[in-house]
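For reference, the structure discussed in these notes is given below.
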Amino acid sequence: MGRFSAVAAVGLALFLVFAAPAAAALPTITYSIEGIAGSNGWYRGSIYGDNVIVHWSVVGATTPVCLPDTVSGPTTGTTRSCSATNGSGTTAVTTSPIKIDDTPPTVTATLSRKPDFNGWYNHPVTVRWSGADATSGLARCSAVTYTGPENAAATIIGSCTDKAGNTAARPVDLAYDATPPVLSDVTEQSTAGGNVLRWSSSSASDRVVVRRTIRGNNAHKTVFDRSAAGFADKNIRPGAQYVYSVQSFDQAGNSSKKVTVAGLPKVLTLRKTSYVPRVAPNPILRWGRFRGAGYYNVQLFRGSRRIYAAWPTTHQVGLPKTWKWSKHRFRLTPGRYHWFVWAGLGARALAHYRSVGSASFIVPRS
C-alpha cells in the first residue's frame, strides 16, 4: 500500500507539469512601404502622388491592428510607429526614416564659349549642365562635347539627377558647321578694261574675298568681299602686274584654301619696274609723249632678232595677233621680248630720231 501511494504521487506530479499552460508569445509586427523606390534610400512618391503608404502586418495581438499610415512628401526623413498588445505584453516597432523626394532638380545649361562666327560654331564646343535640388540634393549632371553632325538647328540634350534618382533634362540648340568650303575653277582673264576673275565655291551663298597686290609691292588691298561667282577689277594701272588671292568663307566662318592667280597687264609702258612683267595676249605698248615728235619708231626683238617694227603717229601701238616682217609671219609666243622706242623729229625722210627708252616683257605659257 505504501509503495502504491508513492508511485501515484510521482504520476500526479508529472501530470501537473505537462498540463500547465505555456506562456503566450509577444505580438510580432512587420511593415512594408508602398512607393516608388529611388536611389540612396529615397522614395520618389507613389502612384498616388508625392506620398507613400506604410502597411503594417501584426500577428498575435489582442488589441486592434495598426491601420496603414500615409507619409506625405517631400520630406528629408520621418518615421511611423505601430504597437500591439496581448497577454504577454506589448510590441512596438518604428520604421526607419522615410525620405521622399519626387521633384526633379532644376537644370541650366552653359556652353564653353560664344559662337565662333555669326551665331555658328565651327569647331567642337562643350555643353555643361548644372542644377539644384532643394530636398535630396544634386547627385550629378552631364557634359557633352559636340562635334557633329552639322546642322543649322542641332539639339543637344543633357540632364541632372538628384540623390533620390529624379532626373530633369534640358535641350540646347545650336548651329554647327565645321567643314570648310571648297574653292575651285579659279581663273583670271586679262582684258583691255581690267582683270576678270571667276571661281566656283561649295555654295552660292559663300562669301568670297579677293585681295590684290602689285608685283614688287608687299602691300595688299581687299578689292572684293561678297557672294558672287566672279569679279572684274577695272581699277588697274597700265603696266602694273597684279596678283590676286581668292578665298571663300561659308556662313559659319569656315574658310577655303587660298588660291593665287596673277593678272596680266594689257598695257605696257616704258616706266622702270623692279621686275619684268608678264603680259596679257596682244599687249599695247605705250610711252610718254615726246615734245616735237611727229611720229615714233617702235622695234620689237626676241633675243637678238628683230621681229617687228612700226611708225605710229601716237604714243602707243597695239601688237596684232599675227604680223608679217621680213617675209616671215610672226606672233607672240612664250618667251622674253625687248622693245625700243625712238621719237621722230621732222620729216620721216630725214630719219632724225631721239631715243625715248626701252623695256622688256615676258609672254607666259598658258
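The values are calculated or read from the model by the stated rules, or taken from the named source; none is laboratory data. Just so it is clear, the model here is predicted, and its values are computed rather than measured. Cβ: placed from backbone, ideal geometry, glycine included. Neighbour counts: every protein chain shown.
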ask   = Quick check: is even one residue across the stretch 88-97 within 60 Å of the chain's Cα centre (by Cα), assigned by TED's automatic domain parsing to the domain that holds Ser32 and touching a residue at least 60 places away in the same chain (Cβ under 8 Å)?
value = yes
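Would you point out the residue of the stretch 206-229, among those that are part of a loop (DSSP other than H, G, I, E, B) and modelled with pLDDT of 95 or more, that is farthest from Pro277 (Cα to Cα)? Lay out the reasoning, then the answer.
To start, the set of residues in the stretch 206-229 that are part of a loop (DSSP other than H, G, I, E, B) comprises 206, 215-219, 227-229.
Restricting the remaining residues to those that are modelled with pLDDT of 95 or more gives 206, 227-229.
Working: Asp206: 33, Ser227: 31, Ala228: 29, Ala229: 28 Å.
Once the filter is applied, the top-ranked residue is Asp206.
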Residue, nearest to Pro115 (Cα to Cα), within the stretch 143-193, restricted to residues that are among the aliphatic types (A, V, I, L, M) and not in a strand (DSSP E or B) = Ala178
request  = Given the conditions (1) at pLDDT 95 or above; (2) more than 30 Å from Lys163 (Cα to Cα), report the number of the one that Asp101 does not fulfil.
outcome  = (2)
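Taking the stated definitions as given, is Val65 outside any loop (DSSP other than H, G, I, E, B) and of a type in the set (A, V, I, L, M)? Reasoning before the result, please.
Working: outside any loop (DSSP other than H, G, I, E, B): no; of a type in the set (A, V, I, L, M): yes.
It is false that Val65 is outside any loop (DSSP other than H, G, I, E, B) and of a type in the set (A, V, I, L, M).
Just for the stretch 83-107: of the residues that are of a type in the set (S, T, N, Q) and assigned to a loop (DSSP other than H, G, I, E, B), which one is farthest from Gly35 (Cα to Cα)? So that I can check it myself, show each step before the final result.
First pass over the stretch 83-107, keeping only residues of a type in the set (S, T, N, Q): 83, 85-86, 88, 90-91, 94-96, 103, 106.
With the extra rule that they be assigned to a loop (DSSP other than H, G, I, E, B), the set shrinks to 88, 95-96, 103.
Numbers: Ser88: 34, Thr95: 14, Ser96: 15, Thr103: 15 Å.
Looking at the filtered set, the residue picked out is Ser88.
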Identity of the residue in the stretch 327-366, crowded, with 19+ Cβ neighbours inside 10 Å and over 15 Å from Pro283 (Cα atoms), that ends up farthest from the chain's Cα centre (by Cα) = Gly344
inquiry  = Here is a check on your reading of the model: is Lys99 more than 30 Å from Ala24 (Cβ to Cβ), of a type in the set (D, E, K, R) and surrounded by 16 or more Cβ atoms within 10 Å (Cβ to Cβ)?
reply    = yes
query = Restricting the search to the stretch 266-304, which residues are out of contact with any strand residue (DSSP E or B) (no Cβ under 9 Å at 6 or more places or on another chain) and either closer than 21 Å to Lys234 by Cα or free of Cβ contacts under 8 Å to residues at least 24 places away in the same chain (or both)?
reply = Ser304
Where a residue in the stretch 60-76 is at positive phi and in the same structural domain as Ile33 (by TED's automatic domain parsing) and its partner, wherever it lies, is surrounded by 12 or more Cβ atoms within 10 Å (Cβ to Cβ) and assigned to a loop (DSSP other than H, G, I, E, B), with Cβ under 8 Å and at least six apart = Gly60/Ala24; Gly60/Ala25; Gly60/Leu26; Gly60/Pro27
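Does Thr110 fit the bill of being of a type in the set (S, T, N, Q) and part of a strand (DSSP E or B)?
On the way: of a type in the set (S, T, N, Q): yes; part of a strand (DSSP E or B): yes.
Taking the combined requirement at face value, the residue satisfies it.
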remark   = Taking the stretch 188-222 and the residues there that are surrounded by fewer than 19 Cβ atoms within 10 Å (Cβ to Cβ) and among the β-branched types (Val, Ile, Thr), the one that is farthest from the chain's Cα centre (by Cα) would be Thr191
Asp225 more than 20 Å from Gln189 (Cβ to Cβ), acidic (Asp, Glu) and surrounded by 14 or more Cβ atoms within 10 Å (Cβ to Cβ) = no
query = Yes or no: Ala178 of a type outside the set (Asp, Glu), touching a His at 6+ places or on another chain (Cβ under 7 Å) and in contact (Cβ under 8 Å) with a residue 60 or more places away in the chain?
reply = yes
ask   = Out of curiosity, is Ala25 at pLDDT 90 or above, surrounded by 15 or more Cβ atoms within 10 Å (Cβ to Cβ) and either assigned to a loop (DSSP other than H, G, I, E, B) or touching an Asp or Glu at 6+ places or on another chain (Cβ under 9 Å) (or both)?
value = no
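Output the residues belonging to the stretch 73-82 that are part of a loop (DSSP other than H, G, I, E, B) and loosely packed, with under 15 Cβ neighbours inside 10 Å.
Here is the first cut: in the stretch 73-82, the residues part of a loop (DSSP other than H, G, I, E, B) are 73-74, 79-80.
Result: Thr79, single match.
Return yes when Arg128 is in the same structural domain as Ala154 (by TED's automatic domain parsing) and either buried (at least 17 other Cβ atoms within 10 Å of the Cβ) or part of a loop (DSSP other than H, G, I, E, B) (or both) and no when it is not.
no
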inquiry  = Here's a check for you: in the stretch 231-259, which residue that is over 27 Å from the mean Cα position of the chain (by Cα) and loosely packed, with under 13 Cβ neighbours inside 10 Å is modelled with the lowest pLDDT?
reply    = Arg237
ask   = Are any of the residues in the stretch 113-125 among the β-branched types (Val, Ile, Thr), part of a strand (DSSP E or B) and surrounded by fewer than 19 Cβ atoms within 10 Å (Cβ to Cβ)?
value = no
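Being out of contact with any Leu (no Cβ under 6 Å at 6 or more places or on another chain) and either surrounded by 14 or more Cβ atoms within 10 Å (Cβ to Cβ) or assigned by TED's automatic domain parsing to the domain that holds Ala232 (or both) is the filter here, so list the residues in the stretch 144-159 that pass it.
We begin by selecting, within the stretch 144-159, every residue out of contact with any Leu (no Cβ under 6 Å at 6 or more places or on another chain); these are 144-153, 155-159.
Of everything in the stretch 144-159, those that are out of contact with any Leu (no Cβ under 6 Å at 6 or more places or on another chain) and either surrounded by 14 or more Cβ atoms within 10 Å (Cβ to Cβ) or assigned by TED's automatic domain parsing to the domain that holds Ala232 (or both) turn out to be Val144, Tyr146, Glu150, Ile156, Gly158, Ser159.
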